[in-house]
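These notes concern the structure reproduced below.
Each reported figure results from applying straightforward, stated rules to the coordinates on display, with no laboratory input. Please read these numbers as outputs of a predicted model, since none were measured by experiment. Glycine gets a Cβ as well: all are built from the backbone with ideal geometry, and neighbour counts include every protein chain shown.
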Amino acid sequence: MAKAELMNYEQALEQFEVVIGLEVHVELNTNTKMFCGCKNEFGNEPNTNVCPICIALPGALPAVNKTAVESSIKIGLALGCEIAPTGRFARKNYFYPDLAKNFQTSQYDEPIAFEGSLDVEVPSGKVHTVLIERAHMEEDAGKLTHIGGSTGRIQGAEYSLVDYNRAGVPLVEIVTKPVYGAGAEAPELAAAYVRSIREIVKGLGVSDARMERGNVRCDANVSLRKHGAEKLGTRTETKNVNSLRSIERAVRYEIQRQAHILANGGTIIQETRHWHEDKGATSAGRPKSDADDYRYFPEPDLVPVQPSRELIEALRATLPEKPADRRKRLAGEWGFSELEFRDVVNADLLDQIEETVTAGAKPQAARKWWMGELARIANESEEGAVPNITPAQVAELAKLIEDGKINDRLAREVLGYVLAGEGSPAEIVAARGLEVVSDDGALIAAIEAALASQPDVIPAIREGRMQAAGQVIGAVMKAMAGSADAARVRELLIEMANK
Amino acid sequence: MSEITPDLVRHLAGLARILVSDEEVEQFTKQLSLIADSVAHVSKAIDADTPSTSHPIAMANVFREDVVEPSLSQAEALSGAPDSAEGRFKVNAILDEE
């Protein structure tokens, strides 16, 4: 795939106004699928969570999952949407083996929720109001694996294998109205919006919200128009953007790609594009054409969903704190600077730090570990994955330091063993004997050994030049392989100087 | 007059992945026209206030509790498939992006 020519980003924004639109699919974490009693579970043996309904055997009849409907209403309410007093399902007809029925059961003209809005804060601190067009219920499709061909992708594949465990898993698709006025921040806004959706559905407890597992997926629409133009430009829809970073990069790429084409007198083709994280580029998928003629019609096997006012109000009463309110509260409770707090949000570590604080760590200590050493380890790992450590373990580590059981250097060593799966920090400290030496006898022996080669230090301390102590502390640390309690060494030195 | 044209019939046949001959296109155009005209005739009898109906019996809110029921075994699930491999349904490669 040849990388398209791109216009410089600043130049693109000078010439064009960016309009984006986002479609986010949220997989619900119900026990069962949307229309049948098969388990909704990730990672099982292929085609073991399937039944006549979700593999479309003749005569099978769907039945709507009540919890999935309630979860969908909660999502709608959390996004400030109206909940439709009556809604129905529709068949979206297409031929592709990811669904065995040859249609996806979705909602078309009567979505369960519509007309909402969400305030989204971008890294600069600016808050954009994103208008929500609708949120509708539908079912996920099965998983295809393409066999043969060199790349494992569909081009050149000899055949495909289908696992229908995911077919029929409840989805809520949330669609924004066109988002104007984000300018240079459009890519950041797209990512921040998806982050907010993820926080909301996680906070509601209706989805596991793990992007790496596809629980939250985003399609990003991007179009450009000349500043002042009324008519919207032709848009492209970029699929397959499955991390916050990818969303940001993909939107930015499309802005630059489209700007180059438009500035050179070309036209944008309305098409689906695919994001390739490795290449940092999008490639053309199929053009929007006959293939998108889905011939929607009302699903005759299902009756309308008509949530009562009482049900809606009862669900509204269960809504948790809004993400924006939660952030305000946490920022106040933790006492971080505005910049520190924003960095935490942008690093996506709010949950981890909150849980670490709940587990007993001081907020600054929790921040230091997650934003420092653990972030560094995550960045160095291949997948940039969250390190294999629980907030409770981080809290325990911080507590060990606070109690003077270990120092920072030992803590980093302990952390390495925790990540290697050796157990909790306290267990590792005990098992490996990593506790700092604050036993005065051992420390005094090491100090005396160090002083023997540095006789000037004691007189220097007596003269009030405390920096001289540093050399001895360093020597003691070295001699004791880093396990000395530095603060105690310093105290002992002063005592010795004052004798 | 009906809006069903031979081109529309070909388009529909394409969407449904059905191969149709020219004779069939002509035949289906007539048949579909008759159906469309009949529906149009019914449309004249109802006014704008009549709610649309997608289900013959007026009922709503038929739900299933979110309780796991037994699934088929993998062998049962695949037993009707023309071909399978590695516990999965084997299908022809289709030239479209994932």
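Counting other Cβ atoms within 10 Å, which GluC sites (Glu not before Pro) in the stretch A:39-97 have at most 16 and lie in a DSSP loop?
Values: sites: A:Glu41, A:Glu70, A:Glu82; in loops: A:Glu41.
Qualifying residues, ordered by number: A:Glu41.
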* Asked: In debye, nearest 20: dipole of chain A around its Cα centre with unit charges on the Cβ of K, R (+) and D, E (-)?
  -> 580 debye
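Which value, in debye to the nearest 20, gives the size of the charge dipole of the stretch A:332-464 about its Cα centre, when Lys and Arg are +1 and Asp and Glu are -1 at the Cβ?
Numbers: 11 positive and 25 negative charges, 40 e Å.
Its charge dipole is roughly 200 debye.
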* Given Cα pairs under 8 Å that are at least 6 residues apart, what percent is the relative contact order of chain B? -> 18 percent
* To do: Quick one: divide the alpha-carbon radius of gyration of the stretch A:395-435 by 2.2 N^0.38 Å and tell me what you get.
  => 0.96
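Only Lys, Arg, Asp and Glu count, each charged at its Cβ (+1, +1, -1, -1), so figure out the dipole size of the stretch A:207-255 about its Cα centre, rounded to 20 debye.
Values: 11 positive and 7 negative charges, 26 e Å.
The calculation lands at about 120 debye.
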* Asked: Given A:Ala113, A:Thr358, A:Pro455, which one lies farthest toward the positive end of the charge dipole of chain A, if we put +1 on the Cβ of every Lys and Arg and -1 on the Cβ of every Asp and Glu?
  -> A:Ala113
* For the stretch A:340-416, calculate the relative contact order in percent as a whole number, restricting contacts to Cα pairs under 8 Å that are 6 or more residues apart. => 31 percent
* May I ask what percent, to the nearest 5, of DSSP beta bridges between residues of the protein assembly as shown are antiparallel? => 90 percent
* For A:Phe35, net neighbour charge (Lys/Arg +1, Asp/Glu -1) across residues whose Cβ lies under 13 Å away -> -2
* Asked: Hey, what's the Cα Rg ratio for chain A versus the globular rule of thumb, 2.2 N^0.38 Å?
  -> 1.23
* Among the chymotrypsin sites (Phe, Trp or Tyr not before Pro) in the stretch A:228-304, which ones are in a DSSP loop with at most 16 other Cβ atoms within 10 Å of the Cβ? Mind listing them? => A:Tyr294, A:Tyr296
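Count neighbours as other Cβ atoms within 10 Å of each site's Cβ, and list the trypsin sites (Lys or Arg not before Pro) in the stretch A:1-77 that are DSSP loop with at most 16 such neighbours.
Details: sites: A:Lys3, A:Lys33, A:Lys39, A:Lys66, A:Lys74; in loops: A:Lys3, A:Lys33.
Hits after loop and neighbour filter: A:Lys3.
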* Residue farthest toward the positive end of the dipole of the stretch A:14-84, with Cβ of Lys/Arg at +1 and Asp/Glu at -1: which of A:Pro62, A:Val19, A:Ala84? -> A:Pro62
* To do: Could you tell me the largest-minus-smallest coordinate of the C-alpha atoms of the stretch B:6-45 on each of the three principal axes, in descending order and whole angstroms?
  => 36, 19, 12
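Counting each DSSP H run of 4 or more residues in chain A as -39500 (n - 2.57), what helix-only mean residue ellipticity at 222 nm follows after dividing by all residues, to the nearest 500 deg cm²/dmol?
When only DSSP H runs of four or more count, the value is -11500 deg cm²/dmol.
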